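Visitor: Below you will find the structure I want to go over with you.
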Amino acid sequence: MDLALLRTFVAVHRAGSFTRAAALLGLSQPAVTSQIRALERQLGRPLFLRRARGVTPTSAGAELAHRAAPHLDALVDIVEAGLDQESGARTLHLAGPPEFTSLRALPALTPLLSQGLALRSTFAVDTEDTLAGLAAGHHDLAITTARPRGGPLTSTTLCDEEHVLIAAPRWAGRLGPGALPHKGSVLLEQLPVVEVHESLPLVSRYWATVFDSRPAASAAVIAPDLRAVLESTAAGAGLAVLPRYLCESALERGEVVALLDPPVPPLRTYFLNARTGTLGLPHIARAHEWLVRAAVDW
């Protein structure tokens, strides 16, 4: 029996779809379909039932996957171990939001460099594109702000980040002491807004959570990088909503001030994602474990 056909079969079984398996294997969907049909002809029985949204294994398919998948995974481990010995290093391809990846993930993984790990990072903003790239094998691990909806991916909750409403001290002085908790979003409408996108994603989420309303103002400054938003806000461009980890030092130095301390601050959750089965590879497993452990202090 052709091992390539078995490899394709296991990929389809795990992905639940010819299309997703094709992306994982770097093949066309017709090629995957052809290989599965060839394997079914060899075995003399169908392995999958075609559904409107993907495929499900027949009893024969489930049995074959149970018997074949562990052995194929073991072969992959042997090959990967051989590559480790030959090259002396393994490369981890990590994707995630630019600011979080720069300030959190990459520094946390740096100690693994002394263990022979090489790092390559991709800054990704769109969650769906990031997860599609992960499923297609372009990344080994991906950090996102949304959990994948099924497919050949596994997801681990990494951490929550608190969002803070900030402005330069001169803007806070214009609002008046103690006025904001009483007048809320109405008072804030006199301040310009600094954001990452015209849709005001961070400010809108904060307004919905804290004020149960939508922001009335449009952005005065749009900068598609949270670090640029922080610098513009500290320079006096207006108010902004930023993750606390990103603006903590600026708050301590007095470059910006928190305009409000709500009882329940808005939170955003980060998830660490991998392709199903790849956490059996030592270099990916080490990086995954290292990030999860570091996130306890985030």
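Visitor: Checking A285 against (1) surrounded by fewer than 17 Cβ atoms within 10 Å (Cβ to Cβ); (2) among the aliphatic types (A, V, I, L, M); (3) assigned by TED's automatic domain parsing to the domain that holds P192: exactly one of these is not met. Which one?
Guide: With (1) surrounded by fewer than 17 Cβ atoms within 10 Å (Cβ to Cβ); (2) among the aliphatic types (A, V, I, L, M); (3) assigned by TED's automatic domain parsing to the domain that holds P192 applied to A285, the lone miss is (3).
Visitor: Is it true that A208 is out of contact with any helix residue (DSSP H, G or I) (no Cβ under 9 Å at 6 or more places or on another chain), among the aliphatic types (A, V, I, L, M) and not assigned by TED's automatic domain parsing to the domain that holds A21?
Guide: Spelling it out, A208 is indeed out of contact with any helix residue (DSSP H, G or I) (no Cβ under 9 Å at 6 or more places or on another chain), among the aliphatic types (A, V, I, L, M) and not assigned by TED's automatic domain parsing to the domain that holds A21.
Visitor: Another one. Being of a type in the set (V, I, T), at pLDDT 90 or above and under 21 Å from the mean Cα position of the chain (by Cα) narrows it down to one residue among V257, V221, V292; which is it?
Guide: On the way: V257 fails: under 21 Å from the mean Cα position of the chain (by Cα); V221 fails: under 21 Å from the mean Cα position of the chain (by Cα).
So the residue among V257, V221, V292 that is of a type in the set (V, I, T), at pLDDT 90 or above and under 21 Å from the mean Cα position of the chain (by Cα) is V292.
Visitor: Restricting to the stretch 40-61, give me the number of residues that are outside any strand (DSSP E or B) and out of contact with any helix residue (DSSP H, G or I) (no Cβ under 8 Å at 6 or more places or on another chain).
Guide: Summing the residues that are outside any strand (DSSP E or B) and out of contact with any helix residue (DSSP H, G or I) (no Cβ under 8 Å at 6 or more places or on another chain) in the stretch 40-61 gives 7.
Visitor: Kindly evaluate E255 against the criterion of being part of a helix (DSSP H, G or I) and either in contact (Cβ under 8 Å) with a residue 60 or more places away in the chain or not small (G, A, S) (or both). Quick ask: steps written out before the conclusion?
Guide: Working: part of a helix (DSSP H, G or I): no; either in contact (Cβ under 8 Å) with a residue 60 or more places away in the chain or not small (G, A, S) (or both): yes.
Considered against the rule, which asks whether it is part of a helix (DSSP H, G or I) and either in contact (Cβ under 8 Å) with a residue 60 or more places away in the chain or not small (G, A, S) (or both), E255 comes out as no.
Visitor: Within the stretch 13-30, which residues are among the hydrophobic types (A, V, I, L, M, F, W, C) and either modelled with pLDDT of 90 or more or over 16 Å from G137 (Cβ atoms) (or both)?
Guide: Scanning the stretch 13-30 gives a single hit, F18.
Visitor: If you don't mind, there's one more thing I want to ask. Any idea which of (1) at pLDDT 95 or above; (2) surrounded by fewer than 18 Cβ atoms within 10 Å (Cβ to Cβ); (3) under 9 Å from the mean Cα position of the chain (by Cα) is the one L106 doesn't satisfy?
Guide: So L106 meets the others, but not (3).
Visitor: Could you look through the stretch 1-39, keep only residues that are in a loop (DSSP other than H, G, I, E, B) and among the aliphatic types (A, V, I, L, M), and pick out the one that is surrounded by the most Cβ atoms within 10 Å (Cβ to Cβ)?
Guide: Among those residues, the one meeting the criterion is L27.
Visitor: Ok, one more. Which strands (runs of 3 or more DSSP E) does the stretch 87-173 wholly contain that include 2 or more residues that are over 22 Å from T276 (Cβ atoms)?
Guide: Strands (runs of 3 or more DSSP E) meeting the threshold: 117-123, 153-167.
Visitor: Check the stretch 180-197 and report whether any residue there is surrounded by fewer than 15 Cβ atoms within 10 Å (Cβ to Cβ), assigned by TED's automatic domain parsing to the domain that holds R244, of a type in the set (A, V, I, L, M, F, W, C) and assigned to a helix (DSSP H, G or I).
Guide: We begin by selecting, within the stretch 180-197, every residue surrounded by fewer than 15 Cβ atoms within 10 Å (Cβ to Cβ); these are 181-183, 186, 189-190, 197.
Checking the rest, the ones that are also assigned by TED's automatic domain parsing to the domain that holds R244 come to 181-183, 186, 189-190, 197.
Still in the list and also of a type in the set (A, V, I, L, M, F, W, C): 186.
Imposing the further condition that a residue be assigned to a helix (DSSP H, G or I) reduces the set to 186.
Yes, there is a match, as at least one residue in the stretch 180-197 is surrounded by fewer than 15 Cβ atoms within 10 Å (Cβ to Cβ), assigned by TED's automatic domain parsing to the domain that holds R244, of a type in the set (A, V, I, L, M, F, W, C) and assigned to a helix (DSSP H, G or I).
Visitor: Also: Restricting attention to the stretch 40-80, and to residues there that are at pLDDT 90 or above and among the acidic types (D, E), which single residue is surrounded by the fewest Cβ atoms within 10 Å (Cβ to Cβ)?
Guide: Here the answer is E63.
Visitor: Select, from P201, P192, P263, P243, the only residue that is closer than 26 Å to A146 by Cα and touching a residue at least 24 places away in the same chain (Cβ under 8 Å).
Guide: P243
Visitor: So, in the stretch 204-224, exactly how many residues are of a type in the set (D, E, K, R) and either on the phi < 0 side of the Ramachandran plot or in contact (Cβ under 8 Å) with a residue 24 or more places away in the chain (or both)?
Guide: Adding up the residues that qualify gives 2.
The values are calculated or read from the model by the stated rules, or taken from the named source; none is laboratory data. Because the structure is predicted, anything quoted here is derived from the model rather than measured. Here the Cβ is made from the backbone with ideal geometry for all residues, glycine too, and neighbour counts use every protein chain on show.
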